[in-house]
Amino acid sequence: MEWRKLLLLVAILALAQLAQAQSTKYGVGRTPTPEEIRAWDISIGPDGKELPPGHGTAAEGAKLFREKQCVVCHGSTGSGGPAPTLIKSDGTKKSKYPCLVPCVDDALVMSLHAQYATTMWDYINRAMPLNKQGTLKPDEVYSLVAFLLFKNGVIAENQVLDPETLPRVKMPNRDHAALAPEWKHAAPRLQGYP
Amino acid sequence: MKIKSSGRRKFLKNSAAIIGAAAAGIRPAGAENPPPEMDMPDLEALISYGQRSSFVKSHRVSVMERMSPDEFGMTFHVLSPIQDSVGIITPSSLHYISTHRGSYVPNIDPQEHRLMIHGMVDRPLIFSVDEIKRFPFVTRPLFLECLGNRAKASHKTVQETHGLTSCSEWTGVPLSILLNEAGVQSGAAFIVAEGAESVKGATSIPIGKAMDDCLVAYGQNGEALRPQQGFPIRLLVPGFEGMHNVKYLRRIKLVEKDYMTYNDYGHIVPDARVAALTRQIGPKSVITFPSGEQKLPGPGLYEITGLAWSGSAAIRNVEISTDGGQSWKLAELRTPSYSMAHTRFAFPWTWDGKECVIMSRCTDELGTRQPTRAESAKFFGKPDNADFRAPGADNTVFPWRIAADGSVQNGMA
């Protein structure tokens, strides 16, 4: 009988330890409601699974590009303004504005350099327009992304972007970007360098 | 009550000359008798939060390419005056500033601010700032450096060549404690950290790093964070380029892959080696005295001094060359060498009055040595000429040229 009691004790202890591992350790903070998480969560990953319902086209985007005052900072042709270049220029005009650091010029235009169109949707939605962040409706964001992708020659003028089609846009730089190797504790940033 | 009040009055009178001259720059000390009390500035204000001497002028400047604040009132990159630095702690008011592509510095009410942790966790959680302070804290010095901290031949001072780095004593809660409280699910490979400023700057960080040594910091150099450094809370990602150290931290989402935010896309490169050199900093060092636009009054004994740091470990040693890199001698480390913090080095040196080129190079505790531009060029198979741009976060050895008249200039020029 003694060994059974011991076994029971061991089992109880193991269960208790398991329960403790699964419960919060400090019990500080509260659980947000699903509505709170939805309201806060503006991250759009490369799969586009967080994209909200909606759709947009380049034609709509062209109108919004003027109406939403994008031209004031980005230039009427999407280049040459004080803010990052959005539409690759023909290279004949030099901007009078010094480029931001880091400099988003023709070489780094988002439509051409980003691996995923979701990066554009995410950023326009979270950070534009200046001083009116968070006011764009999903349809407007889809349209602005479509406009910029069309003007940079990535998609056709009539392509409709929505939660299904936007993540599938084949971005020119998709296969030309390399991720850093897996990060490891106390390892040199690049073995063998210099 | 009467005694107390007259005691205070006497104190004010006796202190008036000292406080008045030192703190407010009213007139040089000793120039006049203390003025009558009625003419005094708000002494309570002077006492409640100290100011530096009116004779000390060290100050930050905007990067040349873009003024801060700009025509829209946004802040971009602001350089720390490291030519004037002593020790390893950058005063909070002189810390370099960098924002996510230009944004306004927000004035956040800490009572209203929240941090949400969600995504691939067992229990999403929301914390107030006061709740975060209930968790176990750590205090440690850490440097920050912007990826844009790259010396150019046109730069004149060390503030211009290397001023986008600073070092503070930070206090905060290890991020791993907060993530464990939420319960990290298997398959979570990255965190997306996001700030509360107008552009909601966000960045992806590998989960291994997030669980290793990141901090959610609320303290900087013995007080609350400064708004320009992320008040009320910020993320610290030791040794990673500045961009990852998200200020005004409001949300952390655990995800299965790199989320390629705007900030992440700006850094993508076709070469994985460059990606690795972009993500993490150093080892790197620079001489802050004698440095650009300073002048040695004549031959004789000087202390060459500067800062060394590595994004992977503590600094093991620093070497100095006074002959343009032909020979190297060990410098002395004059502060403890903390992991991923600035370390102050010095090298007593007698200048013979002849033109020379001085430079420093450091080695960290992993045995990685700061490369010269030639070594970096060779590694990447590029010609070592004026056009060569060291890939990733530039940590190459930087030279100062001392002319026969004692004036110091950028040795790249």
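The values are calculated or read from the model by the stated rules, or taken from the named source; none is laboratory data. Note that this is a predicted model, so its numbers are computed, not measured. Because the Cβ atoms are built from the backbone with ideal geometry, glycine has one as well, and the counts that use them run over all protein chains shown. Note: accessible area is taken over every heavy atom of the protein model, side chains too, but ligands, DNA and RNA are not part of it. Shrake-Rupley method; radii C 1.70, N 1.55, O 1.52, S 1.80 Å.
Things to note:
- Take the Cβ atoms of residue A:160 and residue B:70, set R0 to 45 Å, and the FRET efficiency comes out at 0.75.
- Residue order by solvent-accessible surface for B:49, A:26 is B:49, A:26, largest first, with ligands and nucleic acids left out and a 1.4 Å probe.
- In the assembled protein chains, residue B:347 presents an accessible area of approximately 30 Å² (probe radius 1.4 Å).
- Lys/Arg +1, Asp/Glu -1 at C-beta; region B:114-268 dipole; positive extreme among B:174, B:211, B:142: B:142
- Over chain B, dividing the summed -39,500 (n - 2.57) contributions of all DSSP H runs of at least 4 residues by the number of residues returns a 222 nm mean residue ellipticity of -4000 deg cm²/dmol.
- Long-range amide H partners of residue B:280 with built H, under 5 Å: B:241
- Residue mean of other protein chain beta carbons inside 10 Å, B:176-183: 3
- Note, ³J(HN,Hα) from phi for region B:373-386, Karplus 6.51, -1.76, 1.60, rounded to Hz, x at Gly and Pro: 4, 5, 5, 5, 4, 4, 4, 9, x, 10, x, 8, 10, 5
- Rounded if a/c under 1.5, otherwise prolate or oblate - region B:85-174, Cα gyration tensor axes: prolate
- Backbone HN-Hα couplings from phi across region A:85-99 [Karplus 6.51/-1.76/1.60, Hz, Gly and Pro as x]: 5, 10, 10, 4, 7, 7, x, 8, 9, 9, 5, 7, 8, x, 6
- Rg/Rh for region B:284-410, where both radii come from Cα atoms and Rh is the Kirkwood radius: 0.98
- Loop-located GluC sites (Glu not before Pro) in region B:345-397, at most 14 other Cβ atoms within 10 Å (DSSP): B:355
- Volume in Å³ per residue [convex hull over Cα atoms, computed for the protein assembly as shown]: 239
- Accessible area of residue B:394 (1.4 Å probe, protein heavy atoms only, ligands and nucleic acids ignored): about 20 Å².
- The largest accessible area among B:57, B:156 belongs to the first residue in B:57, B:156, and the rest follow in falling order (1.4 Å probe, all chains).
- Cα-projected label distance for residue A:92 with residue A:178, points at 7 Å along beta-carbon direction, nm: 3.8
- Global geometry of chain A, whether rounded, prolate or oblate, following the gyration tensor of its Cα atoms and the 1.5 cut on a/c: prolate
- Rg over Rh [alpha-carbon atoms, Kirkwood Rh] for region A:118-183: 1.04
- Top of B:221, B:107, B:395 by mean-square fluctuation, Gaussian network on chain B, Cα under 10 Å: B:107
- Percent accessible area from carbon and sulfur atoms, region A:35-194, protein chains only, probe 1.4 Å: 54
- Test item: B:385-397 mean partner chain Cβ contacts at 10 Å: 1
- Rolling a 1.4 angstrom probe over the protein heavy atoms with all chains in place gives the protein assembly as shown an accessible area of 46 Å² per residue.
- Karplus-derived HN-Hα couplings along region A:180-193 (A = 6.51, B = -1.76, C = 1.60, θ = phi - 60°), whole Hz, x at Gly and Pro: 5, x, 3, 6, 10, 4, 6, 10, x, 4, 8, 4, x, 9
- Taking the C-alpha atoms only, the angle from helix A:58-67 to the longest principal axis of chain A is near 80 degrees.
- Just checking the listed ones, B:65, B:145, B:293: in the Gaussian network model of chain B with Cα springs under 10 Å, the one fluctuating most is B:65.
- Calculated FRET efficiency for the pair residue A:77/residue B:134, C-beta based, R₀ 56 Å, to 0.05: 0.55
- Solvent exposure of residue B:90, expressed as accessible area, is near 10 Å², computed with a probe of 1.4 Å over the protein chains only.
- Counts of other chain beta carbons within 10 angstrom of each beta carbon in peptide A:34-46 average 5.
- Calculated on the Cα set of region B:114-268, radius of gyration then Dmax: 15.7, 53 Å.
- Annotation for the B:A interface, with buried accessible surface near 6100 Å², both sides summed [1.4 Å probe; non-protein components not counted].
- Cysteines in chain A that, by Cβ-Cβ distance, have no pairing candidate under 4.7 Å: A:70, A:73
- Once you divide the Cα radius of gyration of chain B by 2.2 N^0.38 Å, the number left is 1.09.
- Sequence-distant aspartates and glutamates (8 or more away, or on other chains) whose Cα lies within less than 19 Å of residue B:57: B:84, B:160, B:293
- Remark: for residue pairs A:184/B:209; A:25/B:200; A:68/A:132; A:25/B:209; A:93/B:382; B:152/B:284, the C-alpha separation exceeds 19 Å in A:25/B:200; A:25/B:209; A:93/B:382.
- As a fraction of the 1.4 Å probe accessible area of chain B, surface on carbon and sulfur atoms comes out at 55 percent.
- Sites residue B:123 and residue B:386, calculated FRET efficiency, Cβ-Cβ separation with R0 60 Å, nearest 0.05: 0.60
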